[in-house]
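Worksheet: the structure to be examined is printed underneath.
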Amino acid sequence: MSSAASEPIFADRLLNDWLASVGLGIEYSRAEANTLYFRDGSGREVPVLDHVCGFGSLIFGHNNPDIIEHAKSVLDEQIPVYVQLSRQSHANALATVLNAILRRETPSGDGDYAAIFANSGAEAVEICVKHAELERRARIVRLTDDVLRHVEEAREAVGAGRATVAETPYVQVGAARDDREKLEHLIAEIGRRNAELVAKGPVHLALENAFHGKLVATVQLTQNPHWRMPFIALSSSTRFLRADRPEEMKGAIEDLRESLLDILVADGAVTVVERDFPVIGAFFVEPVQGANGMRPLTEAAAREIRAVCDAVGCPLIVDEIHSGMGRTGAFLASSHMGLQGDYYTLAKSIGGGIAKNSVALFYQDRFRPEFEVLHSSTFAKDGFSAAIAMKVLEMLEADDGRAYRVAAERGERLMEMLSSVKADFPGVVDAVDGIGLMVALEFTDQTRATSDLIREKAGSGMLGYVVAGYILREHRIRVLPVGPAGNSVRFEPSVHLTDEDIARTESALRDVCAIIRDQDGDRLAPR
Ligand code: PMP
């Protein structure tokens, strides 16, 4: 319903104005499978083919009848939904099914993963940030305990006259009367330096163009500077590495190295030695980078990322929030490139399109059980979303994984179509990328276009939105750009995508490509 001009607007004022300016300001009234409906001026229902599908959270489409029926039945049964701090065996039942699937799909195949449930994708990633910090703190405590023990050994050796304090480049011990005093100066200086290091927050690793959420910690893992920079002082920093240059990864983090100072008694001398300090908290990785034109990681990048984590000793967090739950033709997109994670995150389609749910899974050997109480939320692990998640998993796994095969096959058909459009419009389409039902088409750079409208929209990063507005108006198809570049369109429909849907999408894309090729920008102008 549109509000009268004089009515105050308390929600989405800026957003709605902007949506209207690019031709996307439609209010939908009904949704089913891959179709959204809105009512036109005469009250008639107008169908729109939805390629956005809740930004990829609807693997079984809008309002899937089997999921809706299940939801109704669990509500009719009056299952307890919110009963925090009671036995909630549905959480374990769900985690058991997830473990069986992970055992099948992770390269090591030996998974036992502890599950922590949450409400949103970003919360699941925040949970990983927190757990990785617990791991790092535990390593730091082990290191500092070692130093304390060595300090006592040195005091004992010097006190008994069995050792003297050697000159060290690390610490100026000043004018000390004797070795005991020298040692105490040394210990004080080492303690001061180590305390500074220990108080520092971790540095995280992520890939360029990463998207891991917009909460306080996760927004620092999301590279887009518009979203990240205003909050940079609130959380630890991230070093962004290039997925297309895996050979550079180890070198790129070399300058992050820090050393804790330790004391060693050997051959009658007390010396200072450096110990590697765990600066890096974790490496966060999307197997298919949504905000990077739906680009899947290469196997070489996957191997190098694993090697970096093993070398540094930090957990590898595979963020499958977007790519997981069958979208790429396997439950985990990372299984395509043989990427073995230490933690996994899932969200989006686990909610079946009607519930909010997410989960972080931790390799059992790394999991710190106290975390079960260190993180919690009123709404997490609730009976309703767990029942829906069980149903979604059952549907994914049914008929020996038919849904995965359908996602792969539909995705291939979609990709074939996009590739043929690319082949026919070489100056207009730059790339077609993706895997399964997670694909994108990227236009060539139009910042020097001869059409004023195309050039200006490309310059402001809005071309993809204007194209989306045009496709919606003229073809009744909903697409959106991917990522901050904005000169692309994404396709992440449900498994119900039909050949007819693909054919309609093809004619819409060919229409847009012809407009760009002919620089007929006025046709794109929002009305
Ligand atoms: N990680 C990835 C890879 C995502 O794609 C998203 C959402 N697009 C998130 C995290 C954040 O999830 P949410 O929007 O549910 O907070």
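Does Ala122 satisfy the criteria of being away from the ligand (no atom under 16 Å from the Cβ) and in the same structural domain as Ser376 (by TED's automatic domain parsing)?
No, not satisfied.
Restricting the first member to the range 317-334 and to residues that are outside the structural domain of Arg103 (by TED's automatic domain parsing), and the second to residues that are among the polar types (S, T, N, Q), no beta-carbon pair is closer than 6 Å while six or more apart or on different chains. Applying the criterion of at least 3 residues that are free of Cβ contacts under 8 Å to residues at least 12 places away in the same chain and farther than 18 Å from Arg478 by Cβ to the helices (runs of 4 or more DSSP H) found wholly in the range 1-107 leaves 13-21, 65-76, 89-105. Residues in the range 450-484 that are out of contact with any helix residue (DSSP H, G or I) (no Cβ under 7 Å at 6 or more places or on another chain), buried (at least 18 other Cβ atoms within 10 Å of the Cβ) and in a loop (DSSP other than H, G, I, E, B): Met462 alone.
Within the range 95-119, the set of residues being within 16 Å of the ligand (Cβ to nearest atom) and crowded, with 22+ Cβ neighbours inside 10 Å comprises Ile116, Phe117, Ala118. Do you know which of the residues in the range 155-184 that are among the basic types (Lys, Arg) and in a helix (DSSP H, G or I) is surrounded by the most Cβ atoms within 10 Å (Cβ to Cβ)? Only one residue tops the list, namely Lys182.
Each row is one residue, and each column tells you yes or no for (1) more than 26 Å from Asp499 (Cβ to Cβ); (2) surrounded by fewer than 14 Cβ atoms within 10 Å (Cβ to Cβ); (3) in the same structural domain as Ile354 (by TED's automatic domain parsing); (4) among the basic types (Lys, Arg).
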residue	(1), (2), (3), (4)
Ala33	no, no, no, no
Phe38	no, no, no, no
Arg44	yes, yes, no, yes
Leu49	no, no, no, no
Val52	no, no, no, no
Leu75	yes, yes, no, no
Gln78	yes, yes, no, no
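Going by the conditions given, is Ala291 over 21 Å from Val406 (Cβ atoms) and over 15 Å from the mean Cα position of the chain (by Cα)? Considered against the rule, which asks whether it is over 21 Å from Val406 (Cβ atoms) and over 15 Å from the mean Cα position of the chain (by Cα), Ala291 comes out as no. Remark: pairs (first residue in the range 189-202, under 16 Å from Leu134 (Cβ atoms); second residue among the polar types (S, T, N, Q); Cβ separation under 7 Å; 6+ apart in sequence or on different chains) = Val198/Thr144; Gly201/Ser236; Pro202/Ser236. Residue pairs whose Cβ atoms lie under 8 Å apart, sitting 6 or more positions apart in sequence or on different chains, and linking a residue in the range 278-289 that is within 14 Å of the ligand (Cβ to nearest atom) to a partner that is of a type in the set (Lys, Arg), are Val288/Arg295; Gln289/Arg295. Residues that are over 30 Å from Glu189 (Cα atoms), touching an Asp or Glu at 6+ places or on another chain (Cβ under 9 Å) and loosely packed, with under 15 Cβ neighbours inside 10 Å occur at least once in the range 294-317. Going through (1) at positive phi; (2) touching a Lys or Arg at 6+ places or on another chain (Cβ under 6 Å) one by one, Asn209 falls short only on (2). Each residue in the range 337-377 was checked for being outside any loop (DSSP other than H, G, I, E, B) and away from the ligand (no atom under 16 Å from the Cβ), and 6 pass.
Within the range 300-334, the set of residues being more than 28 Å from Phe55 (Cα to Cα) and in a loop (DSSP other than H, G, I, E, B) comprises Gly313, Cys314. When Ala132 is tested against (1) within 16 Å of the ligand (Cβ to nearest atom); (2) touching a helix residue (DSSP H, G or I) at 6+ places or on another chain (Cβ under 9 Å), just one condition goes unmet, and that condition is (2).
Looking only at residues that are within 15 Å of the ligand (Cβ to nearest atom) and not hydroxyl-bearing (Ser, Thr, Tyr) in the range 47-79, which one is modelled with the lowest pLDDT? Please lay out each step first, then the result.
So in the range 47-79, the residues within 15 Å of the ligand (Cβ to nearest atom) come out as 52-59.
Among the residues that remain, those that are also not hydroxyl-bearing (Ser, Thr, Tyr) are: 52-56, 58-59.
Working: Val52: 97, Cys53: 98, Gly54: 97, Phe55: 92, Gly56: 97, Leu58: 98, Ile59: 98.
My answer is Phe55.
Residues in the range 388-407 that are small (Gly, Ala, Ser) and either surrounded by fewer than 20 Cβ atoms within 10 Å (Cβ to Cβ) or free of Cβ contacts under 8 Å to residues at least 24 places away in the same chain (or both): Ala398, Gly401.
Take Ile127 and tell me if it is in contact with an Asp or Glu (Cβ under 9 Å, 6 or more places away or on another chain) and within 16 Å of the ligand (Cβ to nearest atom).
Working: in contact with an Asp or Glu (Cβ under 9 Å, 6 or more places away or on another chain): no; within 16 Å of the ligand (Cβ to nearest atom): yes.
When the stated conditions are applied, Ile127 does not pass them.
Taken together, the residues in the range 197-238 that are in a strand (DSSP E or B), closer than 23 Å to Ala118 by Cα and within 12 Å of the ligand (Cβ to nearest atom) amount to 1. Could you please let me know if Arg413 is assigned by TED's automatic domain parsing to the domain that holds Gly434 and away from the ligand (no atom under 16 Å from the Cβ)? Judged against the criteria, Arg413 is a match.
The values are calculated or read from the model by the stated rules, or taken from the named source; none is laboratory data. Being a predicted model, the structure only gives us computed values, none of them experimental. FYI the Cβ positions are ideal-geometry reconstructions off the backbone, even for glycines, and counts take in every protein chain you see.
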